[in-house]
Amino acid sequence: MAHDRLPPFVDIHCHLVPSIDDGAKSWDESLTMARMAVADGIRTITVTPHQLGNYAHNTGTMILERTAELQRFLD
């Protein structure tokens with residue numbers, strides 16, 4: 001079945017925000033991952049960066065700021 005016939009998908013677990021956990025390493029990699037998601041029929045992504053253990057330095061404020069920055073790149 002072609003992607004245009006499927007309902008839009010939502011990715012609820014994605015490490016798209018760069019350089020804060022084991023996901024995307026750069027803004028370019030984030031944009032590439034986002035383009036791949038769109039090509040696969042994903043229309044909404046919930047970013048879920050790690051915040052515990054080795055990533056305790058990832059504060060909620062930092063994650064929100066980086067997510068907003070990513071959104072500006074995607075817009």
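The values are calculated or read from the model by the stated rules, or taken from the named source; none is laboratory data. Treat the numbers as computed from the prediction; the structure is a model and nothing was measured. Here the Cβ positions follow ideal geometry from the backbone for every residue, glycine too, while neighbour counts run over all protein chains shown.
Structure above, values below:
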| quantity | calculated |
| --- | --- |
| Residue within segment 54-75 that is at pLDDT below 90 and at positive phi present | no |
| Members of segment 21-39 found to be surrounded by 11 or more Cβ atoms within 10 Å (Cβ to Cβ) and touching a residue at least 24 places away in the same chain (Cβ under 8 Å), listed by number | D21, G23, W27, S30, L31, A34, A37 |
| Which numbered condition Q51 misses (of (1) assigned to a loop (DSSP other than H, G, I, E, B); (2) loosely packed, with under 14 Cβ neighbours inside 10 Å; (3) more than 14 Å from the chain's Cα centre (by Cα)) | (2) |
| Residues satisfying the stated conditions in segment 1-20, i.e. in a loop (DSSP other than H, G, I, E, B), of a type outside the set (A, V, I, L, M, F, W, C) and either surrounded by fewer than 16 Cβ atoms within 10 Å (Cβ to Cβ) or modelled with pLDDT under 90 (or both) | P7, P8, S19 |
